[in-house]
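Handing you this structure, nothing more for now.
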Amino acid sequence: MSLPDLAYPGLPLGPSSSYIPGPGTHLHLESSTIHASIAGRPTFTPPTAKGSKPTLSIPRLLPSPTHAPIPSSNVSNTNTLPTVGSVVLCRVTRVKSKQVDVVILVVYGAEGKFGRGGEGSVCADEWQAVIRKEDIRATEKEKVVTAEGFRVGDVVRGVVISLGDQSNYYLTTGRNELGVIMAKSEAGNKMYPISWKEFKDPVTGETERRKVAKPF
Amino acid sequence: MDRRRVNGPPGGTTPPCYASTSSGKTHPSSKRTRGANEIRKIFLKTGLTPSASGSAYFELETPPTNHSNSLTNRTPALKLTCTVHGPRPLPRSAPFSPQLLLSTRVKFAPFAARQRRGYIPDSSERDLAAHLETALRGVLIGERWPKSGVDVVITVLEGEEDCPWHALAAGNQNGRTGGWGMMSILSGCITVASAALTDAGIDCVDVVIGGVAAIVRQPAAPAQLVLDPCPSDHEEIIAACVIGYLQSRDEVTETWAKGNITASSDGMGTTPMGFDALVDQAVEAAVAARRVLVEAIREGTEAKIQGSQIDFHAIGAALNIKENAARMRFYRLRKAIEEGEPGATPTKAATTPTKRKKDQANSDEGSAKKVKDEEVVDEAEGGEEGEGN
């Protein structure tokens with residue numbers, strides 16, 4: 001069965017007996033047909049395991065550059081929602097003794113890549129999130145001091161572990177690849193990482209403590 | 001003297017008062033020229049508001065008038081614009097929501113009707129918003145957007161009124177928007193909001209389309225069922241019904257009926273005129289309007305897919321060829337790459353970066369020289385393919 005060139009919400013794409021509904025599609029139970037739920041060009045990915053069915057999906061489209069406020073970039077007015085497991089880049093807004101408040105700026109899709117090579121999407125709005133004290137580090141959790149891991153303004157790579165409560169997503173940095181990736185010193189200079197827990201200011205020569213993300 | 005606000009001039013002004021052109025004469029009401037099961041022509045376009053996540057503009061055909069061309073004599077048509085903002089984070093005070101929270105707002109522009117509207121939403125606007133919300137809630141797949149909200153804002157730029165403006169000027173006070181005109185406004189709101197939601201890329205089970213049907217009576221004629229009534233076309237509207245309809249699942253998300261249906265079923269004609277017949281006709285109107293909506297979505301999506309729209313004029317100028325020649329060359333190459341023609345495969349590696357360079361030319365026209373160098377490769381390939389065919 002050939003897929004239509006362009007799909008719009010409600011367009012039947014194929015029977016659920018031969019396809020699996022992927023992102024951008026949904027299953028209508030009464031007719032057991034997979035319908036499109038967003039507008040776009042439908043694609044199907046071949047089955048990963050033998051005996052399983054190909055997945056139908058519709059990739060989300062960005063607004064056309066003629067209409068977008070910033071042309072030739074992937075900044076859009078549409079948000080990609082962080083889900084459990086997605087890698088995010090965020091900025092620290094507040095450091096408390098029990099938790100670190102951050103805002104999510106960029107959302108990457110698949111976990112495991114840690115944002116390497118994957119297409120990140122810049123959020124139109126900032127999503128509130130927290131890194132709890134026990135989620136900062138994987139080991140010796142009870143000895144963690146939040147102020148020795150983060151400072152306001154740091155850019156942090158984290159993974160969403162929960163949708164959290166009413167306002168905050170919960171993130172973790174408890175892995176080698178996760179933590180602070182960009183930081184400025186107290187003097188206001190950009191610093192570079194020198195160890196798993198230290199950044200160095202090239203101007204003053206002083207070091208500051210951070211939960212440093214392992215560079216790729 | 002109010003010191004906290006900007007005060008007007010001390011002398012005071014009087015608003016201009018225009019003389020009525022109709023000079024008290026009542027013109028005959030404009031007549032419906034289309035058939036009973038024919039809807040008005042619709043203009044619909046998506047993606048017109050750059051700052052919104054999704055947007056759409058909706059307009060109904062202005063009915064032809066047999067009066068003079070005076071501005072006050074024209075029959076108002078329906079013009080709506082819709083913007084969708086979101087999905088965006090909920091305010092901090094809002095409780096946890098596992099679903100997308102929908103909020104709708106309908107506002108008449110102050111100049112939408114002959115009677116000026118205030119800035120504070122009045123009851124008819126809140127009413128429309130509530131009806132719109134029920135119509136849209138049924139199509140959204142809310143579970144895909146937890147902890148977020150979406151705002152649908154509709155501005156009525158021009159609303160339909162119950163009788164033509166010249167009749168209003170002649171002292172007919174029934175002509176405010178708020179009567180039968182509300183029905184077509186709601187129907188338009190549903191359609192335009194559906195287009196804007198699709199433009200914003202929010203998951204929906206189907207497109208929802210508004211449709212209106214009405215039972216009308218002309219003097220000395222039996223009552224009649226018509227689709228998409230224009231209030232000023234009809235002497236008397238007995239009942240009307242708006243629905244929000246999902247065609248692919250044959251479901252109705254919103255029904256709003258008004259008028260006296262029992263009184264109209266006195267059976268002068270052969271058509272049955274119960275509530276069911278009215279709803280059936282409204283569904284028919286929605287089905288007819290769906291084609292326009294689907295076509296508008298298709299156009300908007302195609303524009304997005306073409307994404308980096310290539311400025312063929314600039315490329316043509318840089319290459320000393322015509323704009324159309326540059327375009328044809330691009331599409332021929334793209335087709336060859338997509339189809340993976342055996343003749344095109346050896347050059348595939350070379351063509352892909354060339355195409356990318358072309359896209360860059362769009363964003364940076366200053367680099368015409370660079371493009372020129374790249375295009376030499378392109379041109380050679382284009383020639384090859386031409387010979388191959």
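Per 0.36 nm of contour for each residue apart, how much would the distance between B:I321 and B:S103 grow if the chain were fully extended, relative to their Cα-Cα spacing? Walk me through the numbers on the way to the answer.
Values: separation 218, 0.36 × 218 = 78.48 nm, distance 5.22 nm.
Here the answer is 73.3 nm.
Kindly tabulate the residues in segment B:209-254 with an accessible-area decrease of at least 30 Å² between the chain alone and the assembly of all protein chains, using a probe of 1.4 Å.
Relative to the lone chain, where solvent access is computed with a 1.4 Å probe, segment B:209-254 loses at least 30 Å² at B:S248, B:R249.
Something else: Using a 10 Å cut-off on Cβ atoms, rank the peptides B:278-286, B:113-121 from the highest mean neighbour count down.
The most tightly packed comes first, giving B:278-286, B:113-121.
Label A:R91 and B:K45 with points 7 Å out from Cα along Cα→Cβ: what is the distance between them in nm?
3.6
Also, quick follow-up: Using only C-alpha positions, report the orientation-averaged shadow area of the convex hull of segment A:1-67, nm², one decimal. Intermediate values should be presented prior to the final figure.
Working: hull surface 20.0 nm².
It is 5.0 nm².
What does the extension gain come out to for B:R291 and B:R34, with contour length at 0.36 nm per residue minus their alpha carbon separation? Spell out each step's value before the answer.
On the way: separation 257, 0.36 × 257 = 92.52 nm, distance 1.87 nm.
Extra length available between B:R291 and B:R34 comes to 90.7 nm.
Over the whole of B:139-148, what's the average partner chain Cβ count within 10 Å per residue? Rounded to a whole number, please.
Average neighbour count from other chains, rounded to a whole number: 4.
Right, another one. Please turn the phi angles of segment A:143-158 into ³J(HN,Hα) values with the Karplus equation 6.51 cos²θ - 1.76 cosθ + 1.60 (θ = phi - 60°), one per residue in order, whole Hz, x for glycine and proline.
Values, residue by residue: 9, 5, 10, 4, 5, 8, x, 9, 9, 4, x, 5, 9, 10, 9, x Hz.
Which GluC sites (Glu not before Pro) in segment A:177-216 sit in a loop by DSSP (not H, G, I, E or B) and have at most 11 other Cβ atoms within 10 Å of their own Cβ?
Counting only loop positions with at most 11 other Cβ atoms within 10 Å, the GluC sites (Glu not before Pro) in segment A:177-216 are A:E186.
Mind checking A:14-27 for the average number of partner chain beta-carbons within 10 Å of each residue's beta-carbon?
On the way: counts 0, 0, 0, 0, 0, 0, 0, 0, 0, 2, 3, 1, 7, 0.
Average per residue, whole number: 1.
Provide the per-residue ³J(HN,Hα) series for segment A:86-94, in order, calculated from phi with Karplus coefficients 6.51, -1.76, 1.60 and θ = phi - 60°, each as a whole number of Hz, with x at glycine and proline positions.
So the Karplus estimates, Gly and Pro as x, are 7, 7, 10, 9, 9, 10, 6, 10, 7 Hz.
To the nearest hundred square angstrom, how large is the accessible surface buried between B and A, total for both chains, probe 1.4 angstrom?
3400
If you take every residue apart from A:H28 with its C-beta less than 14 Å away from the C-beta of A:H28, what net charge results, scoring Lys and Arg +1 and Asp and Glu -1?
-4
Say R0 is 25 Å: what FRET efficiency, to the nearest 0.05, do A:T43 and A:S16 get from their beta-carbon distance? Write out the running numbers ahead of the final one.
Values: r = 17 Å, r/R0 = 0.69.
For R0 = 25 Å, the calculated efficiency reads 0.90.
If you put +1 on each Lys and Arg Cβ and -1 on each Asp and Glu Cβ, how big is the dipole of chain A around its Cα centre, in Debye rounded to 20?
Charge dipole of chain A: 500 debye, to the nearest 20.
Go through A:F44, B:F108 and list them by solvent-accessible area, largest first, probe radius 1.4 Å.
A:F44, B:F108
With contacts defined as alpha carbon pairs under 8 Å and 6 or more residues apart, what's the relative contact order of segment A:76-216 in percent?
22
Once amide H atoms are built 1.01 Å from N in the peptide plane, which residues 5 or more positions from B:T49, or in another chain, come under 5 Å H to H?
Sorted by chain and number, the residues that satisfy this are B:S55.
Can you list residues from other chains, or at least 5 along the same chain, whose modelled amide H is less than 5 Å from the amide H of B:L101?
Amide H neighbours of B:L101: B:S148, B:G149, B:V150.
Now for a different question. If you roll a 1.4 angstrom probe over the protein chains with everything in place, what fraction of the accessible area of chain A belongs to carbon and sulfur, to the nearest %?
Carbon and sulfur atoms account for 53 percent of the accessible area of chain A.
Which whole number gives the average, over all residues in A:83-95, of C-beta atoms from other chains lying within 10 Å of the residue C-beta?
0
Something else about it: What number does segment A:76-216 give for Rg over Rh if you use C-alpha atoms and the Kirkwood radius?
That ratio equals 0.96.
Kindly identify segment A:134-210 as rounded, prolate or oblate by the Cα gyration tensor criterion: order the square roots of the eigenvalues as a ≥ b ≥ c, call it rounded if a/c is under 1.5, otherwise compare a/b with b/c, prolate if a/b is larger, else oblate.
It is prolate, given that a/c is not under 1.5 and a/b is the larger ratio.
The values are calculated or read from the model by the stated rules, or taken from the named source; none is laboratory data. Computed from a predicted structure; not experimentally measured. All Cβ positions, even for glycine, are placed from backbone atoms using ideal geometry, and neighbour counts span all protein chains on display. In case anyone asks, the SASA skips ligands and DNA or RNA and just uses the protein heavy atoms, side chains included. Shrake-Rupley method; radii C 1.70, N 1.55, O 1.52, S 1.80 Å.
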